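**Student:** Below: one structure in structure tokens.
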Amino acid sequence: MENVTNDIVIKHSGDVLDTKKKRGEHILTLELQKLPARITHLFFTLSSRITDTLKYYKDPKLEVHDHAEDKPLTETSLTYRMLQGSSVVVCCLYLSEDKIWRVMDIRRPTNGKVGNYHAIERIIDDIFKDVFCCA
């Protein structure tokens, strides 16, 4: 498993908080055309930093947009059941055989969290093997 952290290719906003609405978000901006050719799958997760549960997140969702085409690719909401663990593998953005980036909804809970990614990595490895390479 490889982590892509080149600031030119992936930018992360950090916490963007609206204290009046008691809401927050993180914005990841990806320049997919600048990814190295060997990168064909990007998995997105939500994971806890402190607690052993995600149940304190109010109405968590992940939205993927194609800003060049000005259209949403997917929006994924997470159910209460999915928030009982400390992390969720939410979706995978992958380069299909026809060279189009597509989104696969996953929403699989796991018990990894910030600083302890092993459980998350195992789930991603299993998904990759089951769905993309060895099915």
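The values are calculated or read from the model by the stated rules, or taken from the named source; none is laboratory data. The structure displayed is predicted, hence computed values, not measured ones. Here the Cβ is made from the backbone with ideal geometry for all residues, glycine too, and neighbour counts use every protein chain on show.
**Student:** Could you tell me whether region 8-15 includes any residue that is under 17 Å from the mean Cα position of the chain (by Cα) and loosely packed, with under 10 Cβ neighbours inside 10 Å?
**Tutor:** Narrowing region 8-15 to residues under 17 Å from the mean Cα position of the chain (by Cα): 9-15.
From what's left, loosely packed, with under 10 Cβ neighbours inside 10 Å: 14-15.
Scanning region 8-15 turns up at least one residue that is under 17 Å from the mean Cα position of the chain (by Cα) and loosely packed, with under 10 Cβ neighbours inside 10 Å.
**Student:** For region 103-128, which positions are charged (D, E, K, R) and at pLDDT 90 or above?
**Tutor:** Step one: filter region 103-128 for residues charged (D, E, K, R), giving 105, 107-108, 113, 121-122, 125-126.
Hits for region 103-128 are ASP105, ARG107, ARG108, GLU121, ARG122, ASP125, ASP126.
**Student:** Looking at region 57-72, can you tell me whether even one residue there is in contact with a helix residue (DSSP H, G or I) (Cβ under 9 Å, 6 or more places away or on another chain) and of a type in the set (Val, Ile, Thr)?
**Tutor:** no
**Student:** Any idea which of (1) surrounded by 10 or more Cβ atoms within 10 Å (Cβ to Cβ); (2) modelled with pLDDT of 80 or more; (3) assigned to a loop (DSSP other than H, G, I, E, B) is the one VAL4 doesn't satisfy?
**Tutor:** (2)
**Student:** I'd like to check something: does region 100-109 contain any residue that is within 15 Å of HIS41 (Cα to Cα), surrounded by 16 or more Cβ atoms within 10 Å (Cβ to Cβ) and of a type in the set (A, V, I, L, M)? Quick ask: steps written out before the conclusion?
**Tutor:** If we filter region 100-109 for residues that are within 15 Å of HIS41 (Cα to Cα), which is where we start, we get 100-106.
Adding the requirement that they be surrounded by 16 or more Cβ atoms within 10 Å (Cβ to Cβ) leaves 101, 103, 106.
Retained after the next criterion (residues that are of a type in the set (A, V, I, L, M)): 103, 106.
The answer is yes; a qualifying residue exists.
**Student:** Looking at region 70-89, I want the residues that are over 15 Å from THR45 (Cβ atoms) and have a partner that is among the aromatic types (Phe, Trp, Tyr) and modelled with pLDDT of 80 or more with Cβ atoms under 9 Å, at least 6 apart or on another chain. Which pairs are those?
**Tutor:** Hits for this filter: LEU73/TRP101.
**Student:** How about region 31-127: which strands (runs of 3 or more DSSP E) wholly inside it have at least 3 residues that are over 23 Å from GLY14 (Cα atoms) and not basic (Lys, Arg)? So that I can check it myself, show each step before the final result.
**Tutor:** Values: elements: 41-47, 61-66, 71-77, 87-95, 101-110.
Because the criterion is at least 3 residues that are over 23 Å from GLY14 (Cα atoms) and not basic (Lys, Arg), the strands (runs of 3 or more DSSP E) in region 31-127 that meet it are 101-110.
**Student:** Can you name every residue in region 110-135 that is under 27 Å from GLN33 (Cα atoms), touching a residue at least 40 places away in the same chain (Cβ under 8 Å) and either surrounded by 17 or more Cβ atoms within 10 Å (Cβ to Cβ) or of a type in the set (A, V, I, L, M) (or both)?
**Tutor:** The answer is ILE120, ILE124, ILE127.
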